[in-house]
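Each remark here refers to the structure printed beneath this line.
The values are calculated or read from the model by the stated rules, or taken from the named source; none is laboratory data. All of these numbers come straight from a predicted model, not from anything done at the bench. Neighbour counts are summed over all protein chains in view; Cβ atoms, including those assigned to glycine, are modelled from backbone coordinates with ideal geometry. In case anyone asks, the SASA skips ligands and DNA or RNA and just uses the protein heavy atoms, side chains included. Shrake-Rupley method; radii C 1.70, N 1.55, O 1.52, S 1.80 Å.
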Amino acid sequence: MAGGGFIIDGPSQDYGARLTASVIITCIMAASGGLIFGYDIGISGGVTAMESFLKPFFPSVLRKMADAKQDEYCIFDSEVLTAFTSSLYIAGLAASLVAGRFTKAVGRQAVMLLGGVAFLVGAAINAAAMNIEMLILGRILLGVGVGFTNQATPVYLAETAPPKWRGVFTTGFQLFIAVGVVAAGLTNYGTSHNSTWGWRLSLGLAAAPAAIILLGALFIPDTPSSLVQRGKLDDARAALRRIRDPAADVEAELKDIERSVEEASKMEEGAFRRILRRRYRPYLVMAVAIPLFQQLTGIIVIAFFSPVLFRTVGFGSDTALMSAVILGAVNLASIIVSTFVVDRYGRKLLFMVGGAQMILCQVSVAWILGAKIGSDAQAALPRGYAVAVLVLMCAYSAGFGWSWGPLSWIIPSEIFPVEIRSAGQSISVAINMGLTFVQTQTFLAMLCRFKQGTFAFYAGWVVVMTAFVALLLPETKGVPLELMSELWRRHWYWGRFLVDERDHVATPHP
């Protein structure tokens, strides 16, 4: 099968090529783990823009909003307010690292269940919060849920989906994140009209996506790779038949999985130490670079704080919340487009197109804000230009939605050899959570100080990451997980690190 000039021969590439209802249902139920992350991304920015929430917990922000001479860029600059949002992600970072060990011991499905339970409890505490301490405790439990599900779900999808359709199904995780963002935006818009307990309803309804992932995880099997890794061969065979076809001969695929796991088990040192070896350098670089660059697109902070951002440029409270919904809906639509093209045109083309689109939009927004508001930001943006900013932000969101959005989950989930797969995914999610923490903690202060230069800052990073992908990321479209290392051996740069590697490469069956 062709994959960016790389060809693998043999019948192993046809495993599960025919889609069955079982594999579709299994992957959809697993991908629903993205709902809890998406709902949190969408709900936080909206709630922190509600006066009914700010009054009991963050009155200093309300006083800034009432000050007519206040710099528009600095209204929401509050360390305690950003701590409410960012505390989830420091907890998610720690949880994602622990989740790697849990996954190896109890499997992907169990970790998804644990994540759903933690998120459910955190939602209940936030809805009942009487003080900032309760809010942050609830956010920490939400972070544990996000860290566990973000670590387990993409790997589950990559190990379960047929190679031919792996990009489509792994994109499903990002699709459900986008669904969660839109659902949260609509919830915020509806509850904002209740001046007493609307924010409690917004935070408490996080229990709904938690219940969905809990129910979904109860009805899906663990992945064949995880079951083989824990010595459950009969369960692995049954899981393969369930996700492929009850009448299918799954022995050849099972033997390839066994061979990969057996080779991995011969290495005694821990996966986190092993990934530091020279021969795993390409995987370690990607485990760090892909989530790092995704965060430096700026999309997460814009998604979190879009209601705040739109209020900054002159929209009223209701209009700002609805604009955030529109932004989320555009992102959702672009991810749907991505699911239809990611396995047809490959990963790198989407990275290139999306990167160029994001650079253009961010530079344009920086120019409009600089020309029409200036650095002192004493006047609101004229209505026509405010609408132009919304349109540009929607185009930017679309560019992210068919490039770095889904691909930053697809690439880490599919490139790692089985012996470092849990560790690699844990590192990737930890970097994602850590950078999200840093950015949510600093974005409002950055907006206050950098002004319109904030958008130029992110545009510069998108230039860097687009060049990185063009030069250093091989095309992984359609390559079976068991044969992925051969792709890296043939890369013009990474091949030098794998040249003495003795990892097993699956061979075609006669």
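Scanning the range 98-151 for residues that are surrounded by 24 or more Cβ atoms within 10 Å (Cβ to Cβ) and of a type in the set (Lys, Arg) gives Arg108, Arg139.
Going through (1) modelled with pLDDT of 80 or more; (2) within 20 Å of Met484 (Cα to Cα) one by one, Asp234 falls short only on (2).
Of all the numbered requirements in (1) closer than 30 Å to Tyr345 by Cα; (2) modelled with pLDDT of 90 or more, Thr160 misses one, and that requirement is (2).
Output the number of the condition that Gly478 fails; it satisfies all remaining conditions of (1) out of contact with any Asp or Glu (no Cβ under 9 Å at 6 or more places or on another chain); (2) buried (at least 18 other Cβ atoms within 10 Å of the Cβ); (3) not in a helix (DSSP H, G or I). The single condition Gly478 does not satisfy is (1). Of the residues making up the range 72-97, those that are modelled with pLDDT under 80, crowded, with 18+ Cβ neighbours inside 10 Å and over 15 Å from Leu137 (Cβ atoms) are Glu72, Tyr73, Ile75, Phe76, Asp77, Ser78, Leu81, Thr82.
Whenever a residue of the range 37-56 is acidic (Asp, Glu), its partners that are modelled with pLDDT of 80 or more, lying with C-beta atoms within less than 8 angstrom and at least six residues away or across chains, give the pairs Asp40/Leu88; Asp40/Leu142; Asp40/Val146; Asp40/Gly180; Asp40/Ala184; Asp40/Ala206. Filtering the range 219-246 to residues that are assigned to a helix (DSSP H, G or I) and among the β-branched types (Val, Ile, Thr) leaves Val228, Ile243. For the range 92-138, a residue qualifies if it is outside any helix (DSSP H, G or I) and either in contact with a Gly (Cβ under 7 Å, 6 or more places away or on another chain) or closer than 30 Å to Leu54 by Cα (or both), and the qualifying residues are Ala128, Ala129, Met130, Asn131.
Of all residues assigned to the range 417-440, at least one qualifies as being part of a helix (DSSP H, G or I) and surrounded by fewer than 19 Cβ atoms within 10 Å (Cβ to Cβ). Scanning the range 158-211 for residues that are open to solvent by 20 Å² or more (accessible area, probe 1.4 Å) and within 23 Å of Gly424 (Cα to Cα) returns Lys164, Trp165, Val168, Phe169, Leu175, Phe176. Does any residue of the range 491-508 turn out to be open to solvent by less than 40 Å² (accessible area, probe 1.4 Å) and within 29 Å of Ile177 (Cα to Cα)? The answer is no, given that none of the residues of the range 491-508 is open to solvent by less than 40 Å² (accessible area, probe 1.4 Å) and within 29 Å of Ile177 (Cα to Cα).
Tell me, which residue of the range 25-48 that is among the β-branched types (Val, Ile, Thr) and open to solvent by 10 Å² or more (accessible area, probe 1.4 Å) is nearest to Asn150 (Cα to Cα)?
Only one residue tops the list, namely Ile28.
Filter the range 115-167 down to residues that are more than 28 Å from Ser226 (Cβ to Cβ) and among the charged types (D, E, K, R), then give me how many there are. Matching residues across the range 115-167 total 2.
Taking each residue of the range 345-367 that is among the polar types (S, T, N, Q) and looking for partners that are buried (at least 16 other Cβ atoms within 10 Å of the Cβ) with beta-carbon atoms closer than 6 Å, six or more apart or interchain, yields Gln357/Gly399; Gln362/Phe455; Gln362/Tyr458; Gln362/Ala459; Ser364/Leu392.
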